[in-house]
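The values are calculated or read from the model by the stated rules, or taken from the named source; none is laboratory data. If you're wondering where the values come from, they're calculated on a predicted model, not measured in any experiment. Please note: Cβ atoms are built from the backbone with ideal geometry, for glycine as well, and neighbour counts cover all protein chains shown.
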Amino acid sequence: MFSVTIWGDRGSMPVPGPDTVVFGGNTACLEVRCGERIIIIDAGSGIRGLGDYLVRTELKKGPIHADIFLTHTHWDHIMGFPMFTPIYIPGTSLEIHGPVNFEDETLEQIIGAQLSYRYWPVRQDELAAKIKYETLRETMLDLGDGIKLRTKYLNHPVLCLGYRIEYEGKSFVTIFDHEPYVNLFPTNPTHPDYDAAIALEGDTAAREENAKIENFYSDANVLIHDTQYSAKEYRAGKSGWGHSSYEYAINAANRSRVKKLLLFHHDPNRTDTELQELELFYQAKLARLTAMEIHMAREGLKVII
């Protein structure tokens, strides 16, 4: 079986409370199952619940083994790791993969910094689990057991990767924390720094990079895409923050023949009522235009790919 379960879908910070019961208040964490293999994408606050679930259901079969693929090291995507129960259980083995930014710290140092006495009562070298770290760039990996994984750099203020997992002829893709590329050069001829040739080059470069992203998730069976903002919110001052709008993600996924799109990384201020209204609005708008399924990501949702 090839499946994905959502344990956290919120962006920026956890937001527990009565307004986030339906769609969830935990930050990013997915559980991907490829047969017996366990692949975890991101270690936001949602990984706490996943860890407890794995202890209840998997430990009776033997030690827990899993791969964790981090999209990037922003706080909301790694903050749950110290509360991931399997790291305190002898016999657990984890391989943590992810990108690091321009700073000198390794992935192990970035994750391990959370497990220091200034932040947490247990240090990294006191963990019972056996943990290996691997720094990733754009690449293609053979994970064994018929699982192929590709990575793609995304457009975010820190180095960030999208993941494409292929198994049993199906594909699942994540595009977290990404915004479309735009021309960074002046395009208005009245601007004092305007240069027609450079403006054209900037347009071409942005168009090519956006095409690469869409090609990365083309024909995906399931795509989970960052949609923290509406197009209106994005234009009103969120450009450059590294997140997409609903409209951009939906249109791009449809162009790329995605079969099922889950809208993800909900803004912390977005209530259940607002998310339900937006989900119904976009589903109705697209019903006559495309066969692509579209849903809001919600905690506890399990999708068979």
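Can you spot a residue in region 258-279 that is within 19 Å of residue 25 (Cβ to Cβ), within 16 Å of the chain's Cα centre (by Cα), of a type in the set (Lys, Arg) and outside any helix (DSSP H, G or I)?
Within region 258-279, the first condition is being within 19 Å of residue 25 (Cβ to Cβ), and the residues that meet it are 262-279.
Those still in the list that are within 16 Å of the chain's Cα centre (by Cα) too: 262-268.
Next, from what is left, pick out any that are of a type in the set (Lys, Arg): none.
Checking region 258-279: not a single residue is within 19 Å of residue 25 (Cβ to Cβ), within 16 Å of the chain's Cα centre (by Cα), of a type in the set (Lys, Arg) and outside any helix (DSSP H, G or I).
Within the group 183, 188, which residue is modelled with pLDDT under 90 and in contact with a Gly (Cβ under 6 Å, 6 or more places away or on another chain)? Give the steps one after another, and end with the answer.
Numbers: 188 fails: in contact with a Gly (Cβ under 6 Å, 6 or more places away or on another chain).
From the options 183, 188, the qualifying one is 183.
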Applying the selection to region 69-109, what residues are buried (at least 18 other Cβ atoms within 10 Å of the Cβ) and over 17 Å from the mean Cα position of the chain (by Cα)?
-> 82, 84, 85, 86, 87, 92, 94, 107
Output for region 87-110, where each listed residue is closer than 19 Å to residue 129 by Cα and among the aliphatic types (A, V, I, L, M) = 87, 89, 94, 96, 107, 110
For the subset of region 46-65 comprising residues that are buried (at least 24 other Cβ atoms within 10 Å of the Cβ) and in contact with a Ser or Thr (Cβ under 7 Å, 6 or more places away or on another chain), which member is farthest from residue 87 (Cα to Cα)?
-> 46
Does residue 281 qualify as being without any contact (Cβ under 8 Å) to a residue 24 or more places away in the chain and of a type in the set (Phe, Trp, Tyr)?
-> yes
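Can you tell me which residues in region 114-170 are small (Gly, Ala, Ser), assigned to a strand (DSSP E or B) and under 17 Å from residue 218 (Cα atoms)? Steps first, answer last, please.
Narrowing region 114-170 to residues small (Gly, Ala, Ser): 116, 128-129, 144, 146, 162, 169.
Okay, now just the ones that are also assigned to a strand (DSSP E or B), so 144, 162.
Matches in region 114-170: 162 only.
For every residue, the table says whether it meets (1) more than 17 Å from residue 176 (Cβ to Cβ); (2) crowded, with 20+ Cβ neighbours inside 10 Å; (3) of a type in the set (D, E, K, R).
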residue	(1), (2), (3)
211	yes, no, no
219	yes, no, yes
224	no, yes, no
235	yes, no, yes
238	no, no, yes
244	no, yes, no
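Tally time: how many residues in region 268-305 are among the basic types (Lys, Arg) and either surrounded by 16 or more Cβ atoms within 10 Å (Cβ to Cβ) or at pLDDT 95 or above (or both)?
We begin by selecting, within region 268-305, every residue among the basic types (Lys, Arg); these are 270, 285, 288, 298, 302.
In the following step, the residues that additionally are either surrounded by 16 or more Cβ atoms within 10 Å (Cβ to Cβ) or at pLDDT 95 or above (or both) were identified as 270, 298, 302.
Total meeting the criteria: 3.
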Among 71, 85, which is under 23 Å from residue 268 (Cβ atoms) and touching a helix residue (DSSP H, G or I) at 6+ places or on another chain (Cβ under 9 Å)?
-> 71
